[in-house]
Every structure is written in C-alpha cells, then in structure tokens.
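**Q** Following this message is one structure expressed as structure tokens.
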Amino acid sequence: MAGSLVEQRSIDVVPDEERHGTAFSQFTLWLGANLQITAVVTGALAVVFGGDVVWSVIGLVTGNLVGGAVMALHSAQGPKLGLPQMIQSRAQFGVRGAVVPLCLVILMYIGFFASGSVLAGQAVGELTHLGETPGILIFALASGVMAAVGYRMIHAVGRAASVICALAFVYLGARLLERADLSALLADAHFDLPMFLLAVSLSASWQLAFGPYVADYSRYLPRTTSGRATFWWTLSGSALGSQWSMTFGVLVAATAGDAFMANQVSYVVGLGGTGLVAAFLYFVIALGKLTINVLNTYGGFMSIVTSISGFRGQKVLSPKGRALYIALIMVAGTAVALLGKDSFLTAFKDFLLFLLTFFTPWSAINLVDYYLISKERYDLDALSDPHGRYGAWRWDALSVYVIGLATQLPFLVTHFYTGPLVEPLGGADISWIVGLLVPAALYWALASRRGNTGDESGVSPTAPAAPAPYRQEHGSPRP
C-alpha cells in the first residue's frame, strides 16, 4: 500500500509504515496551489475597489504573512496526528458537535471549487475551442478524477505546477513591465486606511481559508518530521505563491482597468502573446486552477465523510463510497459555477470576506486547543467515540464559536451587509482580527475554568518517541 498511487486512506489514521516524504513537499504544493489566476484576481480586487499600487501590495503582504502563519500552524499538526484537518475539531466541539464548522467548511469547498472552475473553464474553453460551459465541465471532471486518485497525485501535480506556473509568471511579469509605467504607479501612493485594511483582509482571508484543509496534505509525512520545518515550508510556499500572484494582479488592474475586469483570463493570456504562447498560457491557467481545485474536491469529500462518520461511527471508507462523495462535491461545485459565472468579481470578493467570518473563530479555537491546552496530543480513539473523552457535543466550545462569529458582525464589510462599527472606523474591515482574538481568549479562559490545561493524552510532553502500539492512540511528543 505504501507504494500505491491510488490512495486507500480517508479519515482514518495514517500508520507509520505508510508515512513518506519531507517537509519540503509542503513548499512545492502550496507554491503551485497559489500561482494561479484566482489569486491574481484577489490581488486585483484591492485596486479595483479603490486602492493604489504601493499600499495595496503592502497590505497584501501583511495579510499573506499573518494569515499564512495561522494556516501553517495547522499544517504542522498533520505529521503529529496523521489525521485530516477537520476531524481534529472533534476534540474541541465534540464528535458530533464538529459537524457545525464542518458544514460551513463544505460550503467553502463548493464555493472555491465553483470560483476556480469559472476561470479555469474559460481557459479550457479557449484551449479546446469548445467554449466556456464545456470548459467548466471538462475541468470539473478532471478535478474529480485526480482527487479520487488522492494524496500522491495531488503532490505530484503540485510539484509540476510550482515549476511550470513559476516560469509562466516570470514571463508574464516581464511582459507586463514592458507596458506598465512602474515609476508612475509607485509615485501615486496615498495611504487610505479602509483600502489598506481591505487589501489585508483579502489576502488574510485567502490564507485563513486554507486552514480547514492544510493538514490533509501533511498527514502522510513521517511522525519524526520537524514541526518547525513543516510550518516554515508551508508558510514560505503559500505566502510566496500568493503574494507573487496578487502583486501581478495589482499591477494588471492598475494598468488595464476595465479591459482586465471584462475578462480576466483572456486579458492575461493576451498580455503574453498569441499562437503557441497563448495556448501554453491557457494550459498554465488551467493547471494552476487544477492544483487548487483538486485540493477543494479532496478536502470536501473528507469533510462530508467526517460529518457523517461522527453519527455513524465509521472510520474506513470503501472505494465506491469515496467515489460517491467526490462526485457530490464535483457536481455541487460545477452547478454553482455554471449559475454564477456571469457575476464573478463582486461575488468572489464578498465570498472571500464572508468565509473569513466563519473560519477565523474556528482557527483560533483549534490552535489554542492543540498547541496551548492539549500540548499537541490527542486521544485518537476518543475522536471517534461520542461517549469518550471528547463527548458528542461540547456546547461550551460551540458557544465560544458562536460568540466569535457574532463579535465580528459589527466590523464586517460585504456587498450585502455592513456592520454598525464600520463607519466610525472609516470604512475599515477589522472583523477577522476580532474573530481571531476574541474566541482565542474566551476558549483559553474556558479551558482554564475546566481545569484541563496541560497534556491532553495524560502522558508527559517530554516522553520518548511513540512505539508502534502507542501510535494509534496519541500524537507524537513535541520536538
């Protein structure tokens, strides 16, 4: 099984004999996943909605580093536990209570699958000369097939995309600089706090949205893999890839204006050239989106399985069941893509910021629990037992999560809702900052009141490396 291309695992623990790879694999995967057209559009939104080049780039860097650090802390959980990301939420919310954030995560996967399919469908449609709708369908099918193959295929595509897309972005960047008056763009810098914070929020939300599935792609790493190495390689790949793409988007939006907004894919390809060069760039756009859409499909199916298994007690999934769940995500995401493809830009900006509202409290609770309360140890058997240590529903933790959501609403800015405290702040959106700090503090206070701070497994955090019989029950010791 260790050498099989088609993955057999789903939400069950990855045993030591099947672990493989190095922490550097996280760099190539997340670099490739972020060198793509949707990240370009995200960066462009900072300018489209009123920012200048200089402060938009600074704001995007800030958000990518802060949000990326939170995301990378989740990645470091993978080698320790050998579990998908969201099943860990059972330790905080209960075996069945974890269904609350899981349902929201599934919506996120479907939304990102759909938004990626719109842009990739344009590229595939142009490449095959079949048009946008067939392009979306072809792309969605390819995403589903690769997700069905699983972990090894995902990392192989990430490695290829990190090289091919990087070369393409170097070429496109050079072409863009030939057209842009860079000195004029840099000279036109005027700090505007709401626009700066919008740029920070756009990139932070981009990174934080990876939190619910980043450990899915580090869980096969050997148990002895350094947590620091996993953290830094993940952060480096994700922050570098996203900032590279977003900076390109800022410059494109600042120089092209309406021409870029009308058709993002066609403009970017036209910037590169015609003929074989254009065909190659359409392929690159499709490849970059394929990398991330496979992640969305793969993570989506595991989140559905995690939700259902909390009530059915299921630990192992058959190949037929795996294919069914992947098909569900693929069909739902494709339907949303086809329905929303004509109003992409505004809808995507609101989608990103609205998602941020739900996942910052989850990240805060998960990270405080894992690193500060449980000391990187969980009772893995209890994660599947609603009558065990973590219980079926942890209403106190769920209450903290709801409070975390509610405290963000006064500071939230979206197309369909603006909080009452936004205007006194000059229109700035700081909801994601509130959504990290408030639930983190409340959950820590809650754990202190429970009196369960310390090692969750009941074993000293300085214990030696776990022998084989022990490994199915606990995370490994801290490095």
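The values are calculated or read from the model by the stated rules, or taken from the named source; none is laboratory data. Keep in mind the model is a prediction, meaning the values are calculated, not measured. We place every Cβ from the backbone using ideal geometry, glycine too, and count neighbours over all the protein chains shown. Please note that ligands, DNA and RNA were not included when accessible areas were found on the heavy atoms of the full protein model with its side chains. Shrake-Rupley method; radii C 1.70, N 1.55, O 1.52, S 1.80 Å.
**Q** Please enumerate the residues belonging to region 220-253 that are open to solvent by 30 Å² or more (accessible area, probe 1.4 Å), of a type in the set (Ser, Thr, Tyr) and in a helix (DSSP H, G or I).
**A** Across region 220-253, the qualifying residues are Ser236, Thr247.
**Q** Still on this structure: Among the residues of region 406-418, which ones are assigned to a helix (DSSP H, G or I), touching a Ser or Thr at 6+ places or on another chain (Cβ under 9 Å) and surrounded by fewer than 17 Cβ atoms within 10 Å (Cβ to Cβ)?
**A** Residues satisfying the conditions are Leu409, Pro410.
**Q** Quick check on region 363-377: of everything there that is within 23 Å of the chain's Cα centre (by Cα) and not hydrophobic (A, V, I, L, M, F, W, C), which residue is surrounded by the most Cβ atoms within 10 Å (Cβ to Cβ)?
**A** For region 363-377, the residue satisfying everything is Asn366.
**Q** Can you pull out the residues in region 116-138 that are open to solvent by 10 Å² or more (accessible area, probe 1.4 Å) and assigned to a helix (DSSP H, G or I)?
**A** Gln122, Val124, Glu126, Leu127, Thr128, Glu132, Thr133, Pro134, Leu137, Ile138, listed by residue number.
**Q** Now for a separate question. State whether the residues of region 254-266 include one that is open to solvent by 10 Å² or more (accessible area, probe 1.4 Å), among the hydroxyl-bearing types (Ser, Thr, Tyr), under 19 Å from Gln122 (Cα atoms) and part of a helix (DSSP H, G or I).
**A** yes
**Q** Being surrounded by fewer than 17 Cβ atoms within 10 Å (Cβ to Cβ), outside any helix (DSSP H, G or I) and modelled with pLDDT under 90, is that true of even one residue in region 318-334?
**A** yes
**Q** Considering only region 275-308, state which residues are closer than 20 Å to Ala147 by Cα and either of a type in the set (Gly, Ala, Ser) or in contact with a Pro (Cβ under 8 Å, 6 or more places away or on another chain) (or both).
**A** Ala286, Gly288, Gly299, Gly300, Met302, Ser303, Thr306, Ser307
**Q** In this structure, does Leu421 turn out to be aliphatic (A, V, I, L, M) and either in a helix (DSSP H, G or I) or crowded, with 16+ Cβ neighbours inside 10 Å (or both)?
**A** no
**Q** From Gly144, Gly111, Gly63, Gly67, grab the single residue that is open to solvent by less than 10 Å² (accessible area, probe 1.4 Å), part of a helix (DSSP H, G or I) and farther than 27 Å from Leu221 by Cα.
**A** Gly63
**Q** Answer yes or no as to whether Ser143 is farther than 24 Å from Asp369 by Cα and hydroxyl-bearing (Ser, Thr, Tyr).
**A** Details: farther than 24 Å from Asp369 by Cα: yes; hydroxyl-bearing (Ser, Thr, Tyr): yes.
For Ser143, the condition - farther than 24 Å from Asp369 by Cα and hydroxyl-bearing (Ser, Thr, Tyr) - is met.
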